1. Among Phe224, Ser70, Val115, which residue has its Cα furthest toward the positive end of the charge dipole of the chain, with +1 on Lys/Arg Cβ and -1 on Asp/Glu Cβ?
2. Report the paramagnetic label zone for Lys353: residues of the stretch 306-346 whose backbone N is under 13 Å from a point 7 Å from Cα along the Cα-to-Cβ axis.
3. For the stretch 8-13, just list the computed ³J(HN,Hα) in residue order, Karplus coefficients 6.51, -1.76 and 1.60, θ = phi - 60°, integers in Hz, with x standing in for Gly and Pro.
4. Listing Cys275, Cys111 from the residue with the fewest other Cβ atoms within 10 Å to the one with the most, what is the order?
5. Please check: in the Gaussian network model of the chain (C-alpha springs, under 10 Å), which one of Leu295, Leu211, Leu183 has the largest mean-square fluctuation.
6. When only alpha-carbon atoms count, how far does the stretch 2-56 stretch along each of its three principal axes, as whole angstroms with the largest first?
7. Sticking to Cα atoms, compute the Rg of the stretch 81-290 to one decimal and its Dmax as the biggest Cα-Cα distance, whole number, in Å.
8. Listed here are the pairs Lys208/Lys314; Lys34/Lys302; Lys302/Lys361; Lys109/Lys395; Lys116/Lys314; Lys2/Lys298; which of them are more than 29 Å apart at the Cα?
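Please treat every number below as a calculation from the coordinates, not as lab data. This one's a predicted model, so the numbers in the text were calculated from it and none came from an experiment. Neighbour counts are summed over all protein chains in view; Cβ atoms, including those assigned to glycine, are modelled from backbone coordinates with ideal geometry.
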Amino acid sequence: MKRIPVEELKPGMIFDKPVYVNNDVLLNSYQPLKKSDYERLIEWKIDAVYTEGNLLQKEKFEDELRDIISDISDLANTYDTSDIYFFAEDDTLATSAIEKHQEFISIVKDCFQKVKENKDFNSSELRNAANNLVSLVNKNRRLSFKLIFGTPKLEDYLYYTAVNTAILAIMTAQTMGYSRLHLINIALGGFLHDIGMTKISPDILYKKEQLTQTELNIMKKHPFYGYQILRRINAFPEDVNLIVLQHHERADGSGYPYGFVSSQISDYAKIVGICDTYVAMCHERSYRKAKTPPLIMKTLLKEEIGKMDPNVLKMFTYTVGVYPIGSFVELTDNSIGEVMLQNINVITKPTVKLYTQGNKKIDPPTIINLAKEEREGLSIKRVLASEETKEFLRKIRGK
Ligand SMILES: [Fe+2]
């Protein structure tokens, strides 16, 4: 293990392997060094930390992310988010996950409604829901992910996106190596991040046209209102309250309500902030059409590189990928398969489970990692739309 003197450390530094103090983990891989942890090292007069990893550079991350933008080809824009939200009729696991998803939405809706009526909501029910959602994502990551691409009813939009943001935030935090307790708090933050919207007039909240500057300024107060609500209820750790307050802050200071910079924003809030942005882009609003997943990723990266914490952005990008897990894709050699896993350094080349090679069925299906595939030029040609996928699966299963 390498020895790193504490005087060489700075808050915000990120390593690609865990960093240890004595025998305890100070930092998980890809987790920035918090200012408070850094100050504790100084206070305790620790002279060095140890790691087998290397320091990662912000600029290097941003360059890698820029490369991804140019790698996302326009060919990928032939399918829609709704093409991912499909489940085979006989898929009992999916049916139960969809039911649970609905239950989470109802629980969040109930909380928001209680707050609207100035009543207290049942915080332990919400905590249980966060715990159960972490279990659902742990048990079936692929299925949970597909759930976020459904279409919410307009009146349920807030609660639907709250649950979906929580799903994505749990997955991103898992990628970053957070433990279960952290995942539950992050899920709670996902559920509650827009609770301050209950204080915004429905005329503004559900306005069909683009908001005026005055209306936008009113909207921008929702993180602050949300924080006030949670402080009054006093049922959650401050870490959760801070997600609500800071989910629209950006690392470069361009966010709101305070214009905080990276070191002032909690890591939880950074994760929920980026997941919230992605989820919002998934759903059609009256003034904004839903987009295809590769296009959403491209737009998100174009808008957020330089604003978002590059480490969190990279971990998020790796979690979601350009072709989300569960998408059915056709490769350049005409074989068809399902995206199973993302690859951290080449996110346009995931690991795919192949069901056919050309027109021939492969039984059992084979798994190939496109990032490591030696056949020259083998890559994703297009993504199948949901009807096409259903038809393909029927054919493969001989039904
Ligand atoms: Fe928000």
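1. Val115
2. Output list for this probe position: 325-329, 337-341.
3. 8, 7, 9, x, x, 5
4. Cys111, Cys275
5. Leu211
6. Projected onto the principal axes, the Cα atoms of the stretch 2-56 cover 25, 19, 18 Å.
7. Cα-based Rg and Dmax for the stretch 81-290 come out at 16.4, 50 Å.
8. Correct reply: Lys208/Lys314; Lys302/Lys361; Lys109/Lys395; Lys116/Lys314; Lys2/Lys298.
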